[in-house]
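Below is one structure, written out as structure tokens; comments come after it.
The values are calculated or read from the model by the stated rules, or taken from the named source; none is laboratory data. Note that the structure is a prediction, hence the values are computed from the model and not measured. Positions of Cβ are backbone-derived with ideal geometry, glycine not excepted, and every protein chain shown enters the neighbour counts.
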Protein chains: 2
Amino acid sequence: MDLDDPERQAPTGGARPGGGAQSEGDAHPAEKARPAEGARPADHARQAGGERPAGGARRGSGVPGGRRRQRVSMADVARLAGVSSQTVSRVANGHPGVIGSTREQVLAAMRELGYRPNSAARALRYGQFNTIGVILFNLSTIGNSRTVEAIATHAAAEGYAITLIPIDVPTQDNVLGAFTRMGELAVDAVIVILEVHLLDAGTVTLPPGVHAVVVDSDAGDRYSVVDTDQAEGARSAVRHLLGLGHRTVWHVTGPESSFAAQRRAQAWRLALEEAGRPVPPPLHGDWSAGSGYTAGLRLAEEPGCTAVFVANDQMALGVLRALHERGRSVPGEVSVVGFDDIPDSACFVPPLTTVHQDFAEVGRRCVQLVLRQIREGGTAPSGTDLVPTRLVVRASTAPPPA
Amino acid sequence: MDLDDPERQAPTGGARPGGGAQSEGDAHPAEKARPAEGARPADHARQAGGERPAGGARRGSGVPGGRRRQRVSMADVARLAGVSSQTVSRVANGHPGVIGSTREQVLAAMRELGYRPNSAARALRYGQFNTIGVILFNLSTIGNSRTVEAIATHAAAEGYAITLIPIDVPTQDNVLGAFTRMGELAVDAVIVILEVHLLDAGTVTLPPGVHAVVVDSDAGDRYSVVDTDQAEGARSAVRHLLGLGHRTVWHVTGPESSFAAQRRAQAWRLALEEAGRPVPPPLHGDWSAGSGYTAGLRLAEEPGCTAVFVANDQMALGVLRALHERGRSVPGEVSVVGFDDIPDSACFVPPLTTVHQDFAEVGRRCVQLVLRQIREGGTAPSGTDLVPTRLVVRASTAPPPA
DNA sequence: CGCAGTGATGTTTACGTTAACGTCTGCTGC
DNA sequence: GCAGCAGACGTTAACGTAAACATCACTGCG
């Protein structure tokens, strides 16, 4: 964010900052060079306290040629406006106690110099950055990007920006590394969207004392967690299918490493057991449509399969394609339910019955929780905040063939 | 990111702050502890200004009790380790000139206190933040989220974090507002992903002197622009269809406000004109599958329509559904080509022929360009950097029915 | 006329870090 | 035994901002 027009305000003549050195004695770079010592190396032998006689002052800013020192600071504005920098500060922050004419002058000077407050200095002063860090593993799933978007939007509404730290491979080291970087970064709190069970497995621990909220995890006993109510969603999907008269429900899972996938599979199994139905062997996918297609091809071979609960919409798309190719009509012969309710699912062939997940709400709650922690200063209240789901019935489900 | 152990370093006794007061009176750390204050508690009675009588102090942070002043600073570590803060700095930054044993002691102290460098101070000192700002309008399109992901990944690899500023409605005011916020934020440069022509229309201008790269825009004459080669992609789609023997190609556009949509439509029209084919009236969509469906229903009524170029894959999904519902076989009667090559498109029914867009590469180049600007300090070299596309032929296209 | 009371503005200082420079210790070589 | 030197470590200042405190010019009143 450096500006690069060194001499914009030429007209005002001597207005230039002189590079910042200005303040004390100007001192041409030439003379300031010499170190001044050489003289009595002995006398101030001890400590000397303030005792900085003679030219000692002019150090600093030892910046060689150009570069560096370009940004316009309050001092520059103050100089041009002929006031103190404190007055500039007051104007900049809209504090009272500045008379109209002065304010005008300051504003004019700001405009002329293109002044922008330096947030590093501000953050240093206030001890906070108005920024929330988001650590996540991959933005390419619809869920994550929507959640992040919601987080960004709500954070912005509260005056916070968000900083993204991606993790390419979710190993413990990487997560910790990201956390370290976060710690060094300008963030007041952190939201972790990992979707893999590292945190809940206890293999990774967040640094204590950091304001954090975790999404999509089972670590509610140790952290503040926000998540979609996976179990409820999966259960409602299974019940919907059983309610239509299907004898049992097959399942295409997400990747084993995913907490959400695990949770959904668990709930699916439980719902079947509770209803006293047989539990078919689950087919494993990896969230991608391609993996759903593969699973779908196998399901198409299962004569007894009349209903499938697929762990996300994209895999459901693959399943639909496979069934279509194999000539098994949906929902005539096989009913399919997805999870997520991505916008496209209404346009699948046939339009998909699916479990709606409110990513925006998840994001909203994350921000809310994190802000509460920041503002109240307390430590993270552990516990899990579940966002409800909603079954959206479209055209991919029907009673089983007679 | 506040820690919450107020007095962990008890052992050192009265060592606590007194802060940098040091300078004026030498004074041994011990006695210098409580200088000044205690004196005249009354005089500042007035001050009026903010007029915050009584509990006045607790402003900012509105935090009641303790709070504030908790973070562990180098001085704290230094105190515990019995060295100067400069030495701590050296250890923290891996600078040479620290003997092993000392280093160990400092590291131990750091661990004990849970020290983390304060990046605000660091940024203030260095004059840069190692952060790139990304201004964007909506993260929910696949393209944007992938681009952002790539940006984040590559930026991270270079030691930069990214800060996201979402814009809910892309009006001029909002964009400018975002820019202002960015200016105040801790960023060294900005990447703008607007996908609407505000910049190219000249209605919005980026503050001069800011290192910026713009994605998806026509402002190459004034800014540094990175974009997918929309025109080439659209052209290859049209040529593919014409090459299969179709007399002409229909088109479903994206929203009028989108630069990319406009570009694709333009190229489509041009390609047809160049080939001397009639140009059917374009149908307008809004990127969503639903709008594609609507358009598809109308196309299904057009007897002469044998080939459609849809401006993105999601709308293509809708078109496919509409054609399927109306009993028009794809690609038997109608061929369809999309744009984007989202991962799902391989699982559409039928698998979609589409123009592959390399979002990751776009992100990579953005980071690269922006870093070059930062490092070389120069002003933005305007010009457009086009990322090539690639036609992916799948099963949704075929020669027209005889 | 002097003084308390304002309101506008200036001055000092601290925030945490680190470049630049100073000092001190220990050692080499003569 | 000491000059000379190198390496370890301490001290100071400065980055830009804003709270706290200080100062100054008035106003109104006894």
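Per-residue answers, yes or no, for (1) surrounded by 23 or more Cβ atoms within 10 Å (Cβ to Cβ); (2) at pLDDT below 90; (3) at the interface with another protein chain (Cβ under 10 Å from one of its Cβ atoms):
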{"position": "A:S89", "(1), (2), (3)": "no, no, no"}
{"position": "A:G127", "(1), (2), (3)": "no, yes, yes"}
{"position": "A:L136", "(1), (2), (3)": "yes, yes, yes"}
{"position": "A:A155", "(1), (2), (3)": "yes, no, yes"}
Scope segment B:355-372; condition farther than 26 Å from B:W268 by Cα and touching a strand residue (DSSP E or B) at 6+ places or on another chain (Cβ under 6 Å); matching residues: B:R365, B:C366, B:L369, B:V370
Looking only at segment B:275-313, filter to residues that are under 38 Å from the mean Cα position of the chain (by Cα) and among the charged types (D, E, K, R); which one of those is surrounded by the fewest Cβ atoms within 10 Å (Cβ to Cβ)? B:R298
Output for segment A:323-350, where each listed residue is surrounded by fewer than 19 Cβ atoms within 10 Å (Cβ to Cβ) and at the interface with chain B (Cβ under 10 Å from one of its Cβ atoms): A:H324, A:E325, A:P343
Of all residues in segment B:91-103 being surrounded by 16 or more Cβ atoms within 10 Å (Cβ to Cβ) and either more than 10 Å from DNA strand D (Cβ to nearest atom) or in a loop (DSSP other than H, G, I, E, B) (or both), which is nearest to the other protein chains (Cβ to nearest Cβ)? B:A92
Scan segment A:123-154 for residues that are within 16 Å of DNA strand D (Cβ to nearest atom) and assigned to a helix (DSSP H, G or I) and jot them down. A:A123, A:L124, A:R125, A:Y126
Residue satisfying all of: in segment A:257-279; in a loop (DSSP other than H, G, I, E, B) and in contact with an Asp or Glu (Cβ under 9 Å, 6 or more places away or on another chain); modelled with the highest pLDDT among these: A:V279
Evaluation of A:A121 against (1) more than 8 Å from DNA strand C (Cβ to nearest atom); (2) at the interface with chain B (Cβ under 8 Å from one of its Cβ atoms); (3) over 30 Å from A:D340 (Cβ atoms) (one fails), failing number: (1)
Test each condition in (1) on the phi > 0 side of the Ramachandran plot; (2) under 31 Å from the mean Cα position of the chain (by Cα) for B:G327 and report the one that comes out false. (2)
Evaluate segment A:90-112: report whether one residue or more is more than 9 Å from DNA strand C (Cβ to nearest atom), among the charged types (D, E, K, R) and under 24 Å from B:Y126 (Cβ atoms). no
